[in-house]
Amino acid sequence: MRVAALYDIHANLPALDAVLDDVRHAGVDQLVIGGDVVPGPMPRETLARLLELEIPVQFIHGNGELAVLAQIGAKDPGDVTYWGTTSGEPLPEPLREVLRWTMQQLHPDYDRVLHSWPKTLRLEIRGLGDVLFCHGTPRSEIECFTGLTPEDCLLPIFDELNVQLVVCGHTHMQFDRMVGRTRVVNAGSVGMPFGQPGADWLLLGADVQLRHTAYDLATAAERARATRYPQAREFAESILQPPPEAAMLEAFTRASFR
């Protein structure tokens, strides 16, 4: 069985369509969508594309979906944090606006779909063994770590999972590393990768392949700008010129495990 893992699409439909072309050419049997399909500039169109695929698709939550669901269920959407809870510090207004807009695009048509996604997913893949898919870490959608995070900080999270491989995302940067006895691979981001422009994803089969798909960045940026997404201009710029990976590694290192 060949499985494609697509993470952090962020409603970048042109990037998704380019990756799906590569997925078809790779003879993939199943897709795993690893969370954060939203927010982003084309949320309805992106979800519709994924739900109409003929290839079997399984989804897990990211913090983006949980934040949107929290908006739908909150008495006061202004109290909802970016991570999908109604506790903690209030969001900056630009992020509130992004979540409000995304909720308005998806509610009520996609409420049931988003609610149905689990936190994690386990699959057995010949050649790799038992594989656990999560968004941030197996215990949290919002925990972030990178290929540089010290192993001793991660062992309590990964050592007792009894799987051969964990696939994660959330930080938008690919890596392939060991944590104790467990191989941990980050799928990167389809829609908002840090570092090289394009779209990153994983192909899982006899082994793990870190994949990168090139697509028409200028046209994608133009399509993003043409939407009513509150941060359409910034999103379009990130398509053309993503933040440097070194800068983001430094930022995530400060924010991750000590």
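The values are calculated or read from the model by the stated rules, or taken from the named source; none is laboratory data. In this text the structure is predicted, and so the values were computed from the model without any measurement. In this analysis, Cβ positions are derived from the backbone assuming ideal geometry, glycine residues included, and neighbour counts consider all displayed protein chains. Quick note on the areas: whole protein, heavy atoms, side chains included, nothing else; ligands and nucleic acids left out. Shrake-Rupley method; radii C 1.70, N 1.55, O 1.52, S 1.80 Å.
Observations
- Look at segment 8-30: where a residue is in a strand (DSSP E or B) and a partner is open to solvent by 10 Å² or more (accessible area, probe 1.4 Å) and at pLDDT below 95, sitting 6+ places away or on another chain with Cβ atoms under 7 Å, you get Gln30/Met1.
- Boolean, Ala70 is buried (at least 18 other Cβ atoms within 10 Å of the Cβ), among the aliphatic types (A, V, I, L, M), touching a strand residue (DSSP E or B) at 6+ places or on another chain (Cβ under 7 Å) and more than 22 Å from Val166 (Cβ to Cβ): no
- Those strands (runs of 3 or more DSSP E) of segment 158-258 in which 2 or more residues are open to solvent by 50 Å² or more (accessible area, probe 1.4 Å) and at pLDDT 95 or above occupy 175-179, 208-213.
- Checklist (1) surrounded by fewer than 20 Cβ atoms within 10 Å (Cβ to Cβ); (2) under 17 Å from Arg211 (Cβ atoms) applied to Leu121, failing item: (2)
Residues checked against (1) without any contact (Cβ under 8 Å) to a residue 60 or more places away in the chain; (2) under 28 Å from Asp29 (Cα atoms); (3) in contact with a strand residue (DSSP E or B) (Cβ under 7 Å, 6 or more places away or on another chain); (4) not charged (D, E, K, R):
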residue	(1), (2), (3), (4)
Leu99	no, no, no, yes
Gln105	no, no, no, yes
Pro108	yes, no, no, yes
Leu114	yes, yes, no, yes
Lys119	yes, yes, no, no
Val131	no, yes, yes, yes
